[in-house]
Structures are given as structure tokens and as C-alpha cells.
């Protein structure tokens with residue numbers, strides 16, 4: 001794929017029509033419009049710092065293993081091993097969160113169109129069918145993935161434009177600017193508004209994840225040393241701008257706040273469309289959102305499967321010989337694709353009995369993948385002048401931007417391990433920290449008893465890397 005295809009991949013994985021929409025109910029209950037809007041602005045800036053610092057390291061090491069390979073080269077194999085498990089954990093969590101959110105929206109669309117009742121069991125069945133569809137789509141090779149991602153960019157932009165314009169010009173009633181930027185709502189059960197406001201940052205932080213996809217598909221991208229780095233930064237920047245417009249348009253158009261939260265469709269954005277635009281327009285816009293979410297999940301599966309493949313290629317996963325096999329015709333890691341849909345199916349299983357399971361699944365994505373982003377950045381800062389940058393670099397801004405990223409990531413990781421709903425019961429328990437602990441145990445076991453620990457193959461001097469890039473072109 002070319003530079004635009006690489007950018008399109010990360011833009012599709014971030015997918016403002018997926019993250020913003022699927023966590024819209026969470027945002028309305030956890031801080032409300034004020035936290036949603038100002039949280040988006042603040043978190044987007046912090047994530048841009050992380051993306052800039054990560055892009056600089058990606059330019060030096062454009063390899064499918066991406067984050068764990070960078071950590072291995074900069075800090076040694078142990079750093080790479082644990083980074084890889086964090087990254088894999090986060091990507092698979094994202095493959096559970098994204099498609100499950102899409103299943104919720106599909107259930108809402110079926111409810112509007114055919115009176116379908118979206119019970120947890122039916123939603124899970126839709127989720128399983130969607131994973132199967134995504135797996136089949138990803139088995140046809142990277143050219144199809146690249147084509148779909150390129151379409152996805154324009155679909156997202158057109159979808160946001162259609163939604164915002166419809167919500168601005170059609171409804172007779174709109175909320176005030178004071179409501180959109182100042183209304184605070186707390187339906188979490190916690191009494192401390194600062195704690196609730198911080199929890200509400202999850203909507204933005206979850207949406208701004210997955211941009212490492214540009215790095216994971218470096219080996220399938222032309223001129224990857226610059227294209228992959230730019231893909232990371234541009235995907236964050238454009239998602240930040242367009243997402244702010246989308247959230248503002250949705251919040252301005254709310255007709256009945258409490259009715260939106262308790263929508264019979266189970267999806268507040270669907271209720272906003274229904275109240276503001278009528279049934280037909282609501283069905284059309286909801287379908288546009290669903291298709292965008294499927295584009296997002298398709299790109300996410302491409303990224304997750306390449307991570308499984310690369311990690312297995314270096315012998316770091318159990319049964320690595322199975323997961324690293326490539327289809328001789330399409331060069332697609334077929335078994336890795338199937339593993340990348342099987343694990344999310346297991347991760348989402350608690351949704352059958354837990355009312356807050358989806359928030360926990362989202363949190364798994366954030367607390368897994370976000371630390372994986374910052375470890376290579378920290379190691380690059382620790383390496384100092386011994387770091388050999390690629391053609392895309394930050395120059396004198398490298399250190400200040402890098403340290404902002406290093407401070408931000410541990411903060412949000414700890415924050416999203418905390419309980420989001422009070423009182424804490426079996427139904428409301430945040431099981432994400434338990435899943436995180438399980439992955440750390442797996443990482444420890446595979447490090448000490450795995451087949452091999454050397455995931456730091458020689459990658460050559462900068463001149464040799466440039467020649468490799470030319471060979472690819």
C-alpha cells in the first residue's frame with residue numbers, strides 16, 4: 001500500500017464513528033457534555049504528543065512487529081517481550097470492543113426497522129457473526145484491506161458531514177452552547193465530580209487508539225520510513241478535528257437528555273437521530289455509522305493479525321509455528337487472523353451477564369495498548385544520542401514531546417483500572433485489571449519457559465535500512 005493507504009488504515013482503526021458513537025452513552029452518564037467536549041480536546045492533544053513521539057521511533061524501525069520490535073532494539077529482549085504482550089492484549093481487546101459496539105448499533109438499527117429486541121444473547125450472536133465476516137474479508141490479502149481502508153476515509157468524512165449537517169439544519173430545537181460545553185452529568189453513583197470527570201476521559205482515550213496500525217503494516221507499505229510515521233500523526237490529527245465537530249453536532253441536537261440515555265434502542269445516538277430527524281433519516285444515518293464501524297473493525301483485524309504473525313515469527317507466542325504460517329498465494333497470515341477473532345469472542349463473553357461488561361472491554365483495549373505505545377518512547381529517551389533516527393524526526397522537540405507522552409500514559413492506565421460505577425457489584429465490577437494481570441502472568445511464563453527470547457534480529461545501519469526501503473519500492 002502507498003502512503004495514503006497507510007494513513008487510511010490508522011484513521012479507520014481510530015474511527016470516530018466507532019469510538020465516539022459506541023461510548024456516547026458512557027459519556028452522557030460519566031460527566032456529560034462538558035467532559036465529552038473538553039475531554040476530547042485535552043485527550044486529543046495528549047495523544048498527539050504520544051503519536052508524534054511514536055512516529056519518530058517508527059521511522060527508525062518500520063517493521064511489522066512495530067512496538068515490541070522497537071522496544072527490543074532500544075532496551076533489550078525482555079522489554080520487547082513485555083511490550084509485545086501489552087500490544088497484543090490491547091489489539092485483541094480492541095477487536096472485542098469495536099465489533100461488539102457495532103453489534104449494539106446493528107441491534108438498534110434492527111429495532112428501528114423491524115422491531116427487533118436487542119437482548120444480550122442476540123447482541124452477542126450478531127457480534128460473533130460480524131467477527132466471522134471480518135475474518136473472511138481479511139483472508140483475501142492486503143490489497144483488499146488497503147482498498148477498503150481508502151474507501152473508509154471518505155466514508156467517515158462523508159458520514160460525519162451528513163450527520164452534522166442534518167442535525168444542524170433539520171431539527172427545530174437545539175441545545176445552547178452553555179449546555180454543550182458546560183453541562184455536567186453524573187449517573188455513576190460516585191459523589192466526587194473530579195473522579196467522575198477523569199473517568200469520562202475514557203471516551204476520547206478509547207477512540208484515540210489503534211494508530212499503531214500504520215507501524216504494523218510497515219512491511220507492506222512503500223517508503224515506510226516516512227509513510228508510516230506520517231500515517232500515525234495525520235490519522236490522530238484529522239480524527240481530533242473531525243471528532244470534535246461530530247460530538248458537538250450530536251450534543252447540540254439532543255431533544256430529551258434523559259430519554260436519550262434510556263433509549264429503547266439501547267443506543268443513545270440512534271435516539272438522537274430519531275428524535276431530531278425522524279425514523280427514515282435515523283435509519284439511514286445509523287446504517288452509515290454501522291458501515292463505518294465495520295470498516296474500522298476490518299482495519300483493526302488487519303493490525304491485530306499482523307501483530308500475532310510478527311510476534312509468532314519471533315517465537316514469542318505459544319504454538320508460534322501455527323500462527324506464523326502464511327497463505328502461499330495471498331501472503332496473508334491465515335491462522336493469525338483466526339486467532340485474532342477467536343480471542344475477542346472469549347473476551348466479550350461476560351457481556352452475556354454483566355451490564356458494564358462493554359465498558360470493561362473498552363478499558364482492556366486502553367490499558368493494554370496505551371502502555372505499549374509509551375515503552376518504545378521511554379526507551380528512545382533513555383537511549384539519548386545513541387538513538388539513530390530515521391528520515392522522519394522531531395529534532396529538538398523530541399525530548400519535551402516524549403516526556404509529556406511518558407507522563408500521560410501511566411496516568412490514564414492507572415485511571416482506567418479503577419471502578420467506573422458505584423456500588424461495586426458482580427454486575428458492575430471492572431474486570432479489566434484482572435485481564436491485565438492474566439496477560440502479565442502469561443508474559444512472565446512465556447518469557448521464562450517460552451521457546452526462545454531473541455526478538456532483536458539485526459536490522460542494519462541507517463544506510464542499510466534505506467537500501468531495504470529502496471528494495472521494497
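Laboratory data are not the source of any read-out in this text; all were calculated from the coordinates shown. What you are looking at is a predicted structure, and each value in this text was computed from that prediction instead of being measured. For neighbour counting, all protein chains shown are included, and Cβ atoms are generated from backbone atoms with ideal geometry for every residue, glycine included.
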Mean Cβ-within-10 Å packing, highest first, puts peptides 407-418, 51-62, 288-299 in the order 51-62, 288-299, 407-418
What distance in nm separates the two pseudo spin-label positions at residue 256 and residue 139, each 7 Å out from Cα along the beta-carbon direction? 4.6
Between 0 and 90 degrees, rounded to the nearest ten: what's the tilt of helix 32-60 against the longest Cα principal axis of the chain? 10
Output needed for region 203-298: three equivalent-ellipsoid semi-axes, defined as square roots of 5 times the C-alpha gyration tensor eigenvalues, in descending order, whole Å. 34, 14, 11
With a ≥ b ≥ c from the Cα gyration tensor eigenvalues, square-rooted, and the rule rounded for a/c under 1.5, otherwise prolate when a/b > b/c and oblate otherwise, region 95-164 is oblate
Extension reserve of the residue 41-residue 449 stretch, reckoned as 0.36 nm per residue once the Cα distance is removed: 142.4 nm
Give me the Kirkwood hydrodynamic radius of region 256-356, using the inverse of the mean 1/r over all pairs of distinct Cα atoms, in Å to one decimal. 16.6
Mind computing the radius of gyration and Dmax over the alpha-carbon atoms of region 153-262? Å is fine for both. 18.1, 52
Stretched fully, the stretch from residue 181 through residue 119 gains (0.36 nm per residue minus C-alpha distance, one decimal, in nm) 18.9 nm
What number, rounded to the nearest 500 deg cm²/dmol, is the helix-based mean residue ellipticity at 222 nm of the chain, given -39500 (n - 2.57) per DSSP H run of at least four residues and division by all its residues? -24000 deg cm²/dmol
Would you compute the Debye intensity of the chain from its alpha-carbon atoms alone, equal scatterers and no solvent, and pass along log10 I(q)/I(0) at q = 0.06 Å⁻¹ to two decimals? -0.24
Fully extended contour minus Cα-Cα distance, from residue 157 to residue 442, at 0.36 nm per residue: 98.6 nm
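Could you tell me whether region 295-406 comes out rounded, prolate or oblate from its Cα gyration tensor? Rule is a ≥ b ≥ c as square roots of the eigenvalues, rounded for a/c under 1.5, then prolate if a/b exceeds b/c, otherwise oblate.
Here region 295-406 falls in the oblate category.
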Helix 432-449 versus the longest principal axis of the chain: what is the Cα-based angle in degrees, 0 to 90, to the nearest 10? 10
